Amino acid sequence: MRRVAFLVLPLLLVTYFISACSQSPTTTPMITYPQTKRIDLVEKPFGQTVSDPYRWLENDVRSDKEVASWVELQNKVTNTYLDTLPGRAIFEERLKQLYNYERFTIPVKKGGRYFYLRNSGVQNQRVLYVRDSVDGQGRVLIDPNSWAKDGAIALAEWSVSNDGKRLAYAVQDGGTDWRTIRVLDVNTGKVLGDEVKWARFTNIAWAKDGSGFFYARFPEPKQGEASQANVENHAVYFHAIGKTQAQDRLVYSTLNQPTMLHSYLIVTKDGRYVAILSTLSSIANKLTVIDLQSADWKPRKLVDNLDDQWVIVGNVGTKLFLITNKDAPRLKVVTMDIAAADPVIADVVPEQDAVLNDASLVGGRLLLSYMVDVKTEVRRYTLEGKADGVVKLPGIGTAIGFEGDEDDQETFYGFTSFNAPGTIYRYDVASNTARIWSEAKVAIDLNRIAVEQRFYTSKDGTRIPMFIVRHKDVTGPAPTLLNAYGGYGLVDPPGFMPDRLAWVEQGGVFAIANIRGGGEYGNAWHEAGRRQNKQNVFDDFIAAGEYLKAQGITSQDGLAIQGASNGGLLIGAVVNQRPDLFAAALPQVGVMDMLRFDQFTAGKLWVDEFGSPAREADFRNLLKYSPYHNIQSGKAYPAILATTADTDDRVVPGHTFKYVAALQAAAIGSKPHLVRIETRAGHGAGKPTDKIIEETADMWAFAAHWTGLDVKPEK
């Protein structure tokens, strides 16, 4: 569903709508790591001695010459090593072929026009198009590929006015979370003079009359401090078209709660209300509405606590339809009539046997997307909550979309799976029928790809689902890449990713474990992997690796693991706990210092998920698994290639820098422990296609070398 979480790396979001290794691991040349300065820094929080000899690596690589020199030396060592791997060039060439297919996002209908993103193949950034009819010829509105020679400036969030005449769009430079919002005239293609800076963690919500839009931003940071600025004092503003940003109207703020985010803004279909969802976490939020017909735009707090989650689906007059987990761990749909002084919450579609993942109010129906063992099932209901059949999907996989107006019979959805590239369907609500609007054609025989779901048992007896993807002719033990996320109540659903298939078609196995900490089975699944329960996440992942070996899916020395962001933390933690289980590890943009994560940029927002290092009970729990603090000298570690980026202002690269410095200084065996640091790239969103391909080729070649995957050119 529309969850409010800000650590997430959207590697698995469905945005297509989203020569043999001649040198064996045992003959790999010795690596001489750069000498990393150690400082004598010891602290004693709660009486516990904690050493932090590499804290100087937290400094901004773009302004600290010493850190920049360290990065340059590390990248030189890493690239020299990667150059020895023949599989690197093979993977890169094949990834270019696999990514080279036309793909679209789900169209947004406004004013009778259809707006969508398209990538013709290996364009670095997706291009925004508009059609004047559903099957008409598209014309280019915005091509961000012309914005920068290196392709690192991206089109981020965008929103169209109700009449389809104006487009507000956000520009993301070099992967940063900061946004600059501009406005374009759809008829002429002319960019207007409007410019809004310092927007971050926000969508864009137009007033119904097109006079302007609502957005959220932070105060302007001090000169030179944008990349390391704390995210405090988020506030909602209204920008009137033709005015300067200095004239923007302050709509809502919470100065008494400076870390509160107001990142999800909705203008109701009738245009009367703007709703503001405010949160400190990924599991609960406040709900405030403003009557735009009033002169003072006084905020009205409908939910003024952080006990539950609330998401607005739509409205009919003053009656709001919402998703909530209040008294419903698997979520439900309720109504709230805000015409009443004290609105009553009434169930419309009560909690079901499956987890409610998303909902839409379109064509006089509620279309509810449920998750059944991590697979999508779409059920129809009347606005009174009466069951009205199901939407027949083309297979087992993931469906997203179904957005539109309450009185519009037309909507669109995208469908994908591990072996099914994104196909977009035009859906007729009245007849409950769908037809293909766009269909991807990829350079691989997908009929040869087998996908199965298995269930295994974790350490405490919990049943965990796992997807396994491989060639149909791979029946014995094969080198395996195991991936997971396990946090923030987020789901890792079936989805088509060219990078996974590049591994699979070489004879490898790709596995995804839907471990606790996610939302695959509702709030209870999340709670079981959060805060003091975080060890369950690591136990689930370790059990997945043990299962893959016990079942003969992977060989005893053929398991590589990969995860990003919160998943990077997962990889760092499990390597420390079970270094014997893995042959190679690929932690990406990970949270590696669990005692100081709250000191950087958005880190304070993660306290609700991890706990606070400033509270003793949380501190002691965090210290137990913090990757940076638990590297075990004297044990043989797997080969490790950590990846990060210089402009990541979500999980700052200092996390990875310190972790890798500690790895290289420890007595953990002769396998390589390297770091790959990308330039002009952030946490993942907006990363150019060529950078994605290069990074993936490096990671897969590294993992292939250490798992024994025989990489050969595609015939």
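Below, the figures for the structure above:
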item	result
Sole residue being among the aromatic types (Phe, Trp, Tyr), open to solvent by less than 50 Å² (accessible area, probe 1.4 Å) and touching a Lys or Arg at 6+ places or on another chain (Cβ under 6 Å), chosen from Phe455, Phe496, Phe467, Phe510	Phe510
Flag for Ala229 being in contact with a Pro (Cβ under 8 Å, 6 or more places away or on another chain) and closer than 30 Å to Arg680 by Cβ	yes
Test: Gly389 is modelled with pLDDT of 95 or more and assigned to a loop (DSSP other than H, G, I, E, B)	no
Qualifying residues in region 685-715 (those that are open to solvent by 40 Å² or more (accessible area, probe 1.4 Å) and outside any loop (DSSP other than H, G, I, E, B)) - the one farthest from His673 (Cα to Cα)	Asp690
Residue that is farthest from Ile693 (Cα to Cα) [pool: residues in region 82-126 that are among the aromatic types (Phe, Trp, Tyr) and not in a strand (DSSP E or B)]	Tyr101
Scan of region 39-81 for residues that are surrounded by 13 or more Cβ atoms within 10 Å (Cβ to Cβ) and in a loop (DSSP other than H, G, I, E, B), ordered by number	Asp52, Pro53, Tyr54, Asn59, Asp60, Val61, Arg62, Asp64
Unmet requirement for Asn233, which otherwise passes all of (1) of a type in the set (S, T, N, Q); (2) over 27 Å from the mean Cα position of the chain (by Cα); (3) closer than 29 Å to Arg272 by Cα	(2)
Matching helices (runs of 4 or more DSSP H) fully within region 549-667 where at least 3 residues are within 19 Å of Asp52 (Cβ to Cβ)	566-577, 616-625, 654-665
Hey, Arg103 modelled with pLDDT of 95 or more, touching a Phe, Trp or Tyr at 6+ places or on another chain (Cβ under 7 Å) and of a type in the set (D, E, K, R) or not	yes
Filter pass, Thr398 being surrounded by fewer than 18 Cβ atoms within 10 Å (Cβ to Cβ) and not small (Gly, Ala, Ser)	no
Single residue of region 562-609 satisfying the filter (charged (D, E, K, R) and open to solvent by less than 10 Å² (accessible area, probe 1.4 Å)) that is farthest from Gly682 (Cα to Cα)	Glu609
Residue count for region 354-378, restricted to those that are closer than 26 Å to Arg516 by Cα, out of contact with any Ser or Thr (no Cβ under 6 Å at 6 or more places or on another chain) and open to solvent by 30 Å² or more (accessible area, probe 1.4 Å)	4
Meets criteria (at pLDDT below 95 and buried (at least 17 other Cβ atoms within 10 Å of the Cβ)) for Glu351	no
Test for Ser612: is it open to solvent by 10 Å² or more (accessible area, probe 1.4 Å), farther than 25 Å from Lys76 by Cα and in contact with a helix residue (DSSP H, G or I) (Cβ under 8 Å, 6 or more places away or on another chain)	yes
Test: residue in region 147-166 that is open to solvent by less than 20 Å² (accessible area, probe 1.4 Å), of a type in the set (Gly, Ala, Ser), touching a strand residue (DSSP E or B) at 6+ places or on another chain (Cβ under 6 Å) and assigned to a loop (DSSP other than H, G, I, E, B)	yes
When residues of region 317-332 are limited to those that are of a type in the set (A, V, I, L, M) and in contact with a strand residue (DSSP E or B) (Cβ under 8 Å, 6 or more places away or on another chain), the one surrounded by the fewest Cβ atoms within 10 Å (Cβ to Cβ)	Ile323
Residue in region 243-256 that is open to solvent by 40 Å² or more (accessible area, probe 1.4 Å) and in contact with a Ser or Thr (Cβ under 9 Å, 6 or more places away or on another chain) present	no
Scan of region 392-408 for residues that are in a loop (DSSP other than H, G, I, E, B) and within 31 Å of the chain's Cα centre (by Cα), ordered by number	Lys392, Leu393, Pro394, Gly395, Ile396, Gly397, Phe402, Glu403, Gly404, Asp405, Glu406, Asp408
Residue list for region 526-538, filter: of a type outside the set (Val, Ile, Thr), in a helix (DSSP H, G or I) and either open to solvent by less than 30 Å² (accessible area, probe 1.4 Å) or at pLDDT below 95 (or both)	His526, Lys534, Phe538
Flag if Gly545 is modelled with pLDDT of 95 or more and not in a helix (DSSP H, G or I)	no
Filter result (over 21 Å from Ser146 (Cα atoms) and either hydrophobic (A, V, I, L, M, F, W, C) or surrounded by fewer than 20 Cβ atoms within 10 Å (Cβ to Cβ) (or both)) within region 110-132	Gly111, Gly112, Arg113, Arg131, Asp132
Complete set of residues in region 260-283 that are open to solvent by less than 10 Å² (accessible area, probe 1.4 Å) and under 22 Å from Gly518 (Cα atoms)	Leu261, Leu277, Ser278, Thr279, Ser282
When residues of region 289-305 are limited to those that are closer than 11 Å to Leu277 by Cα and open to solvent by 40 Å² or more (accessible area, probe 1.4 Å), the one farthest from the chain's Cα centre (by Cα)	Lys301
Residue under evaluation Gly175, criteria (1) surrounded by fewer than 21 Cβ atoms within 10 Å (Cβ to Cβ); (2) in a loop (DSSP other than H, G, I, E, B), criterion not met	(1)
Test: residue in region 333-348 that is under 24 Å from the mean Cα position of the chain (by Cα), farther than 14 Å from Val316 by Cβ and not charged (D, E, K, R)	no
Subset of region 185-229 (residues that are open to solvent by 70 Å² or more (accessible area, probe 1.4 Å) and within 22 Å of the chain's Cα centre (by Cα))	Gln228
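Residue by residue, here is whether (1) β-branched (Val, Ile, Thr); (2) in contact with a Lys or Arg (Cβ under 6 Å, 6 or more places away or on another chain); (3) modelled with pLDDT under 95 holds:
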| residue | (1), (2), (3) |
| --- | --- |
| Pro25 | no, no, yes |
| Tyr54 | no, yes, no |
| Leu57 | no, yes, no |
| Asp60 | no, no, yes |
| Lys76 | no, no, no |
| Leu82 | no, yes, no |
| Pro86 | no, no, yes |
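The values are calculated or read from the model by the stated rules, or taken from the named source; none is laboratory data. Keep in mind that what you see is a predicted model, and the values were worked out from it rather than measured. Positions of Cβ are generated from backbone atoms using ideal geometry, with glycine treated the same way; all protein chains shown enter the neighbour counts. Areas reflect the complete protein model, heavy atoms only, side chains present, ligands, DNA and RNA absent. Shrake-Rupley method; radii C 1.70, N 1.55, O 1.52, S 1.80 Å.
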